[in-house]
């Protein structure tokens with residue numbers, strides 16, 4: 001067994017291509033995890049425990065009675081953006097005017113994605129320089145909105161927002177906000193950042209850097225997130241045996257490391 005672990009530990013860089021939650025809780029099945037990823041309180045948005053795909057959890061966007069455009073939500077913690085080319089999200093229902101932001105939070109580094117008026121089916125959006133808030137959705141069944149991240153600069157403070165038109169009527173369910181990110185296993189060794197000290201573990205990961213970390217299985221699913229400090233431990237005893245990738249942003253650099261759970 002030691003020989004197998006050694007081979008895995010020194011293997012050349014490999015890629016795990018899968019859809020991954022954009023941020024902790026972005027499948028809305030763990031509302032507390034979703035809230036932990038937010039930088040600001042929700043506006044015109046609420047939990048729907050069964051409104052998602054197959055009766056799962058969802059975010060429900062409700063009426064915006066305000067006389068100004070608003071941010072429904074902004075996620076800027078626990079972000080999984082390294083290697084992402086697209087963001088996809090599932091929506092169902094009605095929205096009077098909705099758009100999306102992605103980037104580092106600055107005008108230069110961010111892109112704005114405006115939904116076409118009268119959207120009833122799947123759509124791919126390219127980024128622009130400003131929100132229009134004129135996009136409307138009328139979808140009786142789940143549709144996919146795909147955001148092309150070309151030109152998006154995540155920087156050291158990546159964020160994603162949903163924005164809503166003023167004085168708009170909405171009953172829009174949002175589910176499964178994900179990316180197509182490629183998990184590059186071995187980036188830590190290349191950048192000489194010692195994120196995880198022990199790559200073969202039984203019950204605990206030991207960290208060499210302070211960071212917000214995500215533990216991702218080989219299906220591309222985020223199975224654990226945490227904020228860790230240098231030389232602290234993270235309990236992973238509840239995870240099944242197998243191979244995982246631990247990702248984080250350290251000093252503005254996206255890093256990842258393969259670990260084996262015994």
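Quick one: in the range 137-166, which of the residues that are crowded, with 19+ Cβ neighbours inside 10 Å and not in a strand (DSSP E or B) is nearest to the chain's Cα centre (by Cα)?
In this case the residue turns out to be 158.
Looking for something in contact with a helix residue (DSSP H, G or I) (Cβ under 7 Å, 6 or more places away or on another chain) and touching a residue at least 24 places away in the same chain (Cβ under 8 Å) - is there at least one such residue anywhere in the range 68-80?
yes
So how many residues does the range 170-185 have that are part of a loop (DSSP other than H, G, I, E, B) and either modelled with pLDDT of 95 or more or buried (at least 20 other Cβ atoms within 10 Å of the Cβ) (or both)?
Matching residues across the range 170-185 total 1.
Report whether or not residue 92 is surrounded by fewer than 22 Cβ atoms within 10 Å (Cβ to Cβ), at negative phi and not in a strand (DSSP E or B).
Judged against the criteria, residue 92 is not a match.
Taking residue 87 as meeting all but one of (1) in a loop (DSSP other than H, G, I, E, B); (2) surrounded by 22 or more Cβ atoms within 10 Å (Cβ to Cβ); (3) at pLDDT 95 or above, write down the number of the exception.
Looking at each condition in turn, residue 87 falls short on (1).
Of all residues in the range 123-136, which are surrounded by fewer than 13 Cβ atoms within 10 Å (Cβ to Cβ) and assigned to a loop (DSSP other than H, G, I, E, B)?
Within the range 123-136, 129, 130 qualify.
Which fully enclosed strands (runs of 3 or more DSSP E) of the range 1-74 have 1 or more residues being at pLDDT below 90?
Of the strands (runs of 3 or more DSSP E) lying wholly inside the range 1-74, those with at least 1 residues that are at pLDDT below 90 span 14-17.
Tell me the strands (runs of 3 or more DSSP E) entirely within the range 193-262 that contain at least 2 residues that are at pLDDT 85 or above, closer than 27 Å to residue 153 by Cβ and under 22 Å from the mean Cα position of the chain (by Cα).
211-217, 222-228, 242-250
The values are calculated or read from the model by the stated rules, or taken from the named source; none is laboratory data. Bear in mind that the values here come from a model prediction, so they are computed numbers and not experimental data. Counting neighbours? That spans all protein chains shown, and the Cβs are built from the backbone with ideal geometry, glycine included.
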